[in-house]
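Scroll down for the structure; my scribbles are underneath it.
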Amino acid sequence: MTDQDGLYILLISVHGLVRGHDLELGRDADTGGQIKYVLELARALAADPRVARVDLLTRQVFDAKVDDDYARPQEEIAPGAYIVRLPCGPRRYLRKEVLWPYLDSFADRALAHVRAVGRVPDLVHAHYADAGYVGIRLSSLLEVPFVFTGHSLGQVKRQRLLEQGIKPEVIEAQYKISQRIEAENQVLDHADLVIASTHQEVGQQYSLYDNYQPRRMVVIPPGIDLERFHPPGRGWKNPPIAGEIARFLRDMSRPMILALSRPDPRKNIAGLVRAFGENARLREMANLVVFAGTRDDITTMEKGPRRVLSELMLLIDRYDLHGITAYPKHHEPHDVPDIYRLAAKTKGVFVNPALTEPFGLTLLEATASGLPIVATSDGGPRDIIEYCKNGLLIDPLDIQGMGEALLTVLSDRRQWNRWSRAGLAGVRRHFSWQGHVNTYLREVGKVLRRTRRRKGVSVPIKSRLPTSDRILVCDIDNTLIGDREALAELLRLLEAYHGHVGFGVATGRRIESARKVLREWDVPTPDFFITAVGSEIYYGPKLVADSGWRRHIDYRWEPAAVHTALDGVPGLRLQPKEEQRPFKVSYYVDPERAPGLREIKRRLRKKDLHVNVIYSHQAFLDILPVRASKGAALRYFADKWGIPVEHILVAGDSGNDEDMLGGETLGVVVGNHSSELERLRGGERIHFAQGHYAWGILEGIAHYDFLGSFREEKEGED
Ligand code: GLC
Ligand code: MG
């Protein structure tokens, strides 16, 4: 698969139960509309000729309580569309609020996946805050645009919970809400494009955030599956679910007032029953059919649904709606399209009386089935009725008004037909997945062109790390630089193998000074930097810091105590302030006066300090966290990007290079090395070059046949 084949899109949706068939929607709070949305989006995108491949990354779950399907590492859901399940923390199924600590490792796994595919995606599109967290990291590492869809937002959720009188501490403990909001803030900072489903989501929800950027937002309503949802045809016969409804009704041929929602108080089912119960003409001409989830025994249900359903029963009894109201106990997801069709066949109406409705997928499903709608005047319904012109908006608290609106829809047959037809046309034009994909690709195309312009190139520049099969890593001072002629020769060679060979530097310098000296020596920006003696890692031209590495080495690190132990020791002098880094304390050494290395280590140990002590050029002493060094950083890097250590050629000249030269890497010590590296002589996979500076590197490349042998090895493998 190459760039010419079309776009390669990575979708990320971490939580919930995701599979390509028999979705368990509503099984738990995390397996709902978002899951359905991302699956349909993946399929619709992959079906477009402009798209070569779509991978939907989600969490892999091994848990006896859920189906084995959720453990499968990969599942093809349509030609060119895959669900890719990646490990993320514990193996068992977890609710989304507790996944935060494991998202970094999810991002690392995602990187390894990209490497396995062998092509860098053109964009990363994350769904919900948790995936947003992953998406920021992934898109920065890969240097590709980042697209975000929130689905719902922490600020809105917090407000709503507070309004319900829930205490801030409880909200925090239960929903980890500030972590979520913080992630959303970061997402809004990073996103090249934010996709919302309705205008209200933009105007009223995203606007609650400080870094709200309406310019980078676009409203693209989700598509609806028109093969599932369509009007009843001529010869359409009543489906099995009709029997379930018929049990309740005296006269099935009356127009149906259909409602379908979870048994949630906010859905205002009680308001609807009142509206029906209090309108005598409605009671005479129509049936009310309420699908409110499925149930066995109301008395054993959770408090919320139990209240909603009990109230429903009581109201039906109070208004005596027996024989004209149906409230079936069970229905399956595959019944849903039939339910709408059945209502359409009776020339009925679909009603969504929810207190608030930011989106309203059911309204679109009903519209696609040819049903006119009556819905709460709120974001979602307003957009739908504006585009589809197929019904009336109501105030959910105005019971009488609701009854009148329903009556209006049901009493004028000509109007009903007009609404039904207008809805079908509108949904096709504005709310089909093909329509969605058209707008999506147009907006994404703008973003891709903008990024290219910013980078000043005509083809997309992405990180080459995922597609490199070998990596050259050079120390800077006295290794890469020192001889201009040799350096020029080395850079020519790298240029010739661009795309196959990744290039990094590993230096004692801090990042700013490393960049400066590379510029002075006309070295193009490397793919990655290991700086400050391995205590920091950065990627690409944007210098994305590897925060995972920082967290990894932040272990038993007590810089203040290091100073107490070593400041003032004769022969040691602190290096200037800018050389002291968050994870590096550095001294100049006067070898005449300073105690030996062993004595220095003893002093640190006596203070119970577990650190890494690195001595270079008989002149520099660096104290680092015990987990940090150039070698450790290099191995972390290799692991993260899935690059075998034996495919990395490392060149260095002094003490701080020692631990990356050893081991399985292809080590090259340049001819002008300092004496502390002598002890590596004779080691396996260590080549002591004759040539100085970059001549030594070139010699090492030839020695290992670094640019040739792998190719043969690879060919042998396939
Ligand atoms: C670089 C750094 C310095 C460090 C030395 C040896 O010169 O600037 O802080 O001590 O490398 O690692
Ligand atoms: Mg050096």
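Below is a table of values for the structure above.
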quantity	calculated
Spatially proximal lysines relative to Lys601 (Cα-Cα < 22 Å; intrachain offsets below 8 disregarded)	Lys584, Lys630
For the range 44-70 and the range 322-396, distance of Cα centres in Å	30
Within the chain: Cβ-based charge dipole about Cα centre, in debye rounded to nearest 20 (Lys, Arg +1; Asp, Glu -1)	2060
Residues whose placed amide H lies under 5 Å from that of Ala196, excluding near-sequence neighbours	Val218, Val219, Ile220
Using θ = phi - 60° and Karplus 6.51 cos²θ - 1.76 cosθ + 1.60, couplings along the range 30-42 (whole Hz; Gly, Pro as x)	8, 10, x, x, 4, 4, 4, 4, 5, 5, 5, 4, 4
Residues whose placed amide H lies under 5 Å from that of His692, excluding near-sequence neighbours	Gly671
Whichever lysines have a C-alpha closer than 22 Å to that of Lys176, once near sequence neighbours (fewer than 8 apart) are set aside	Lys96, Lys157, Lys167
Theoretical ellipticity at 222 nm over the chain - DSSP helices of four or more residues, -39500 (n - 2.57) apiece, nearest 500	-12000 deg cm²/dmol
By average C-beta atoms within 10 angstrom, highest first, the peptides 470-483, 436-449	470-483, 436-449
Förster radius 56 Å - calculated FRET efficiency between Gln213 and His500, Cβ distance, rounded to 0.05	0.90
Sorted largest first, extent of the chain alpha carbons per principal axis (Å)	105, 53, 45
Full-extension gain in nm, Asp3 to Thr467, via 0.36 nm per residue minus C-alpha separation	165.7 nm
Phi-based couplings in Hz for the range 382-397 (Karplus 6.51, -1.76, 1.60; Gly and Pro marked x)	4, 4, 5, 5, 5, 6, 9, 6, 9, x, 10, 9, 9, 8, x, 8
Rel. contact order, % - alpha carbon contacts under 8 angstrom, at least six apart, the chain	9
Summed side-chain charge close to Leu407 - residues other than Leu407 whose Cβ falls under 12 Å, Lys, Arg +1, Asp, Glu -1	-2
Net length gained if the chain between Thr525 and Ala112 were fully extended (0.36 nm per residue, minus Cα distance)	146.4 nm
GluC sites (Glu not before Pro) within the range 207-315: DSSP coil, no more than 10 neighbouring Cβ in 10 Å	Glu227, Glu302
Positive dipole terminus of the chain, leading residue within Ile257, Gly540, Gly304 (C-beta point charges)	Ile257
Dipole in debye (nearest 20) - the range 241-430, about Cα centre, beta carbon charges: Lys, Arg +1; Asp, Glu -1	520
Per residue solvent-accessible surface (Å²) - the range 309-386, probe of 1.4 Å	31
Sequence-distant residues sharing a close amide H with Ile224 (under 5 Å, placed H)	Ser432, Trp433
Anisotropy class of the range 462-554 from Cα gyration tensor, a/c 1.5 cut	oblate
Backbone HN-Hα couplings from phi across the range 468-483 [Karplus 6.51/-1.76/1.60, Hz, Gly and Pro as x]	7, 9, 8, 9, 9, 10, 10, 5, 8, 5, 6, 10, 5, 9, x, 9
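The values are calculated or read from the model by the stated rules, or taken from the named source; none is laboratory data. Not measured: the values here are computed from a predicted model. FYI the Cβ positions are ideal-geometry reconstructions off the backbone, even for glycines, and counts take in every protein chain you see. Surface accessibility is based on the protein's heavy atoms, side chains included, excluding ligands, DNA and RNA. Shrake-Rupley method; radii C 1.70, N 1.55, O 1.52, S 1.80 Å.
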